[in-house]
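Quick notes on the structure that follows.
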């Protein structure tokens, strides 16, 4: 085996070990993780959790994801409670209490996904549910900048009231940052909670106009189409909104890897329209291009369909 081959294999080994550590290492030991889970449960008045145990460690993304430890109560096949703890921040970012759902369903003798569920009206009014949701939002100290987007009754999967909270910063909405709080109908107990947030942008400087952003995005669209760029006129601008996004482009090339940092960007979406001449053309249904609002650089996007 020559020296060059040995060096290549050694480099690959280092990369594999480094990637493994990034994906599976957690800065918190199991004791600290269980303590964080217990503290969360105590804050929402859920007790009797002596059986809490760490199930697994996983990563939410290959390169830039978060490392998570999953805690549970119950046995495999009969899990009563699942809690995810972020290894970086030490906070609970997901909580699912299957026991409170099953208790209510058994009490009401309800089988989910059955057609007759549609006639089972909720016990809570929306105002009742909203009060419980806001109580939990206050208890959980919802991150500043989150606003309630909607609340609705899920009659199909859980018979819970689901509330989605969107994050804003300096008046601009985040593209993906969201908190969800769901409470059980009738009892008002917390059924589920999830928190998906990125870092705050360093600034929200707006130097690029909407028209300029659309022009830059259209040029990118033509570039992506390549030999099919002659058909770029078959795409119309469906939306052009300012949002705070996670970049996923490297030198203007879209990747599946989203960084945890965030920037203010123009999110431009192009949709294909049918003018009667599309038969036989293999063209994507739509494109999303994200333009840095400060400097006009392409920082993300994706091709759909």
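The values are calculated or read from the model by the stated rules, or taken from the named source; none is laboratory data. Given the structure is predicted, the values throughout are model-derived calculations rather than measurements. For neighbour counting, all protein chains shown are included, and Cβ atoms are generated from backbone atoms with ideal geometry for every residue, glycine included.
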Filter segment 172-213 for residues that are touching a residue at least 40 places away in the same chain (Cβ under 8 Å) and more than 26 Å from the chain's Cα centre (by Cα); the one that is surrounded by the most Cβ atoms within 10 Å (Cβ to Cβ) is 208
Scanning segment 63-95 residue by residue, those assigned to a loop (DSSP other than H, G, I, E, B) and either within 15 Å of residue 38 (Cα to Cα) or touching a helix residue (DSSP H, G or I) at 6+ places or on another chain (Cβ under 7 Å) (or both) turn out to be 90, 91
Sole miss for residue 257 among (1) free of Cβ contacts under 8 Å to residues at least 40 places away in the same chain; (2) surrounded by fewer than 21 Cβ atoms within 10 Å (Cβ to Cβ) is condition (1)
Counted residues in segment 68-88 being under 19 Å from residue 26 (Cα atoms) and at pLDDT 90 or above come to 11
Practice task
With respect to residue 151, determine if the residue is modelled with pLDDT of 90 or more, surrounded by 17 or more Cβ atoms within 10 Å (Cβ to Cβ) and part of a strand (DSSP E or B).
Solution key: yes
Of the residues in segment 91-112, those that are within 30 Å of residue 65 (Cα to Cα) and exposed (fewer than 14 other Cβ atoms within 10 Å of the Cβ) come to 91
